[in-house]
Amino acid sequence: MKINTDYIKAYITDFVFRLRDIRFAGQVLFVIIVLLISWSGVKAINMNYNLQKQIATAKQENLIQTLQNNNLKLQNEYYSSNQYLELQARLNFGLADPGEQEILVPKSVALYYAPKINLASNQPKKVIEPTFQKDVQSWVNFFLHRN
């Protein structure tokens with residue numbers, strides 16, 4: 001397959017001769033300027049979009065960190081409360097308030113009244129898939145004629 005170079009040469013020379021006309025050269029220059037301005041505008045919009053995403057991510061991370069800090073403050077308050085200290089004294093040291101009596105229940109009696117748990121049945125836990133993953137899988141099944 002041979003490329004017609006004469007046609008291309010003629011087109012280029014015609015274009016160069018038309019550039020001598022000030023109106024045509026002005027139009028070409030105007031189109032070039034419009035394209036450059038449009039391109040810089042698109043780049044600015046894209047950069048603003050990326051910066052907005054970064055700002056949103058930083059705000060979310062900041063909110064998460066604030067919530068974690070508040071959670072830790074609440075835990076510290078609980079650990080320094082009298083309720084926690086009393087509970088730990090009862091569990092770890094066997095201490096009780098004055099006038100309280102400790103009742104020891106035999107293990108067989110305690111297990112008789114406890115709810116029955118079937119440990120032999122190893123039922124797999126149902127995995128919850130995201131909605132979009134279910135939708136994609138449904139479309140794949142549809143196109144591949146699966147049930």
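Quick note: the coordinates plus some simple rules give every number you see, no bench work behind them. Values in this document were obtained by computation on a predicted structure and should not be read as measured data. Cβ coordinates were reconstructed from backbone atoms using ideal geometry, including for glycine residues, and neighbour counts include every protein chain displayed.
In table form, for the structure just shown:
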read-out	value
Cβ-based charge dipole, the chain, positive-most Cα from I55, I8, L19	I8
Net dipole in debye of the stretch 17-96 [+1 Lys, Arg Cβ; -1 Asp, Glu Cβ; about Cα centre; nearest 20]	660
Furthest towards positive pole of dipole, V127, L95, L29, structure part the chain, Cβ charges	L29
Residue-averaged 222 nm ellipticity for the chain, from DSSP H runs of 4+ at -39500 (n - 2.57), nearest 500	-24500 deg cm²/dmol
Degrees separating the helix 82-93 axis from the principal Cα axis of the chain, which is the longest one	60
Anchor K116: lysines whose Cα lies under 20 Å away (excluding residues fewer than 8 positions away in-chain)	K107, K125
Residue among Y84, Y49, Y112 with the largest mean-square fluctuation in a Gaussian network model of the chain, springs linking Cα atoms under 10 Å	Y112
Percentage of interatomic Cα-Cα distances in the chain larger than 26 Å	77
The chain, dipole about Cα centre (Lys/Arg Cβ +1, Asp/Glu Cβ -1), debye to the nearest 20	960
